[in-house]
Amino acid sequence: PAIDAGGPTCPPADQRGVAVALHRLDGVAAEIHEHAEELFGVGSADMNPVFEKVLDAIAAKLKGLPNSVRVEGYTDARPYPPGVNYSNWELSSDRANAARRRLEQRGLARDRFESVVGYGDGRLAAPASPLAPANRRITITVLREHPIKPATSEQTDGPVTGFRPFGE
């Protein structure tokens, strides 16, 4: 069965920050963030073995669904030294692609990926703590077959713009 409006729910995050269910208009997302364990090496797209096992388990579940998948990568705001021709933009993209490659290696078909995106440090999960581990994360969204339509301005107290400030 496909995930659609009112689809399955995911368990809440454990203490290590392994996964959080986020119900979005476009699908159900599993957000994997750093807490006790680092997902990747510092400043690297090399995965920690614990994170590889998490992705293996996710791939096993996703193989049974027909839905498309989106993979997003995020970093904290730690800057690279001056003169280095690499930034958090590239790092977040490289990490999202590393996660996609692992999911593919574990049997998720290439054509299932709707997009693979890196947001760098532009969408901090903890904007008050820009270097916090929670900012270093990967989000895997299982897209709904029929996205939920956002509320119209008649259904809300103000205009609906579709804009969501970073960090919310």
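Surface analysis of segment 42-127 yields an accessible area of 51 Å² per residue, using protein heavy atoms and a 1.4 Å probe. Once both labels are positioned 7 Å from their Cα atoms along Cα-to-Cβ, the gap between Gln105 and Asn85 label points is 2.8 nm.
For the peptides 60-72, 91-103, residues were scored by their other Cβ atoms within 10 Å and the scores averaged per peptide; the highest-first order is 91-103, 60-72.
Report in % the part of the accessible area of segment 36-145 that belongs to carbon and sulfur, leaving out ligands and nucleic acids; probe 1.4 Å. Carbon-and-sulfur percentage of accessible area, whole number: 53.
For Glu114, the amide hydrogen comes within under 5 Å of the amide hydrogens of Val69, Arg70, counting only partners 5 or more places away or on other chains and with H modelled in the peptide plane.
The values are calculated or read from the model by the stated rules, or taken from the named source; none is laboratory data. All figures in this text were calculated on a predicted structure; none of them were measured in a lab. Methodologically, a virtual Cβ is constructed for each residue, glycine included, from the backbone with ideal geometry; neighbour enumeration extends over all protein chains shown. Surface areas here come from the heavy atoms of the whole protein model, side chains and all, with no ligands, DNA or RNA. Shrake-Rupley method; radii C 1.70, N 1.55, O 1.52, S 1.80 Å.
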